[in-house]
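Reviewing the structure listed below.
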Amino acid sequence: MEIKKIIEKATNGDQVAFTSLLDMYWNEVYGFMLKRTENETDAEDISIETFAKAFDKIAHYNPEFQFNTWLIAIAKNVHIDALRKKKISPFVEISDEENHPMYSVADTTPTVEDKIITEQNLSRLLSYIKELKPHYQEVIQLRYFQEMSYQEIAEQLNEPLSNVKIKLLRAKKLLAEIIQGK
């Protein structure tokens, strides 16, 4: 099927068309991100986020440009956003009496309060995850709690890799909707 027709179907909400686009462009986006990040997990996560954003905004795609160029532009932006989030430095600059700069590592040891907040947030997150259908709960569990790669999840579930990617994409989107609704 011609790419324009697939994009048109995806714009109209056709899930098969979304899967086709993911299958057609996954390797290109993932390969591009792997070169930039030099980390398989980061490249996978950024690629999934790229397709999620692309599918959410597919109605805004301009057919005058190549679809893969549009996806790569989204991937670059997702990567830049991820880098910005990581730039929070654990180092604090201080000076001594003689005005010589020194660096002190911030104490990152969690306090009792931090641990309680983390436990409460985790408990709340787990309750949100339980609102998902079981097959979505499972992929979230395997990916984020057992930290399995997409390939490992596909092997464990005995499903094609593209199905795992789509399930995780949908699970994250549904989870975000549940959390925003609370």
Each residue of the range 31-48 in turn: what ³J(HN,Hα) in whole Hz from Karplus with 6.51, -1.76, 1.60 and θ = phi - 60°, glycine and Pro shown as x? x, 4, 5, 5, 5, 6, 8, 6, 8, 4, 5, 4, 4, 5, 5, 5, 5, 4
How far apart, in nanometres, would the label points at Lys4 and Asp23 be if each is projected 7 angstrom from Cα along the Cα-to-Cβ direction? 2.3 nm
Could you pull out every residue, at least 5 positions away or on a different chain, whose amide H is within less than 5 Å of the one on Tyr61? Hs are placed 1.01 Å off N in the peptide plane, and Pro or chain starts have none. none
Considering only Cα-Cα distances, which of the following residue pairs are longer than 19 Å: Lys133/Lys167; Lys9/Lys57; Lys57/Lys133; Lys5/Lys57? Lys57/Lys133
Could you give the accessible area per residue of the range 9-48, probe 1.4 Å, as a whole number in Å²? 53 Å²
Name the long-range amide H neighbours of Met148: under 5 Å, sequence gap of 5 or more, or other chain; modelled H, no Pro or chain starts. Arg143
In square angstrom, what is the accessible area per residue of the range 117-174 with a 1.4 angstrom probe? 61 Å²
Residue order for Leu132, Leu125, Leu83 - accessible surface, 1.4 angstrom probe, largest first: Leu83, Leu125, Leu132
At Lys85 and Tyr144, where each label point lies 7 Å from the Cα along Cα→Cβ, what is the point-to-point distance in nanometres? 1.0 nm
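Ordering Lys133, Lys173 by accessible area with a probe of 1.4 Å, largest first, what comes out?
The ordering from most to least exposed comes out as Lys133, Lys173.
The values are calculated or read from the model by the stated rules, or taken from the named source; none is laboratory data. Because the structure is predicted, anything quoted here is derived from the model rather than measured. Please note: Cβ atoms are built from the backbone with ideal geometry, for glycine as well, and neighbour counts cover all protein chains shown. In case anyone asks, the SASA skips ligands and DNA or RNA and just uses the protein heavy atoms, side chains included. Shrake-Rupley method; radii C 1.70, N 1.55, O 1.52, S 1.80 Å.
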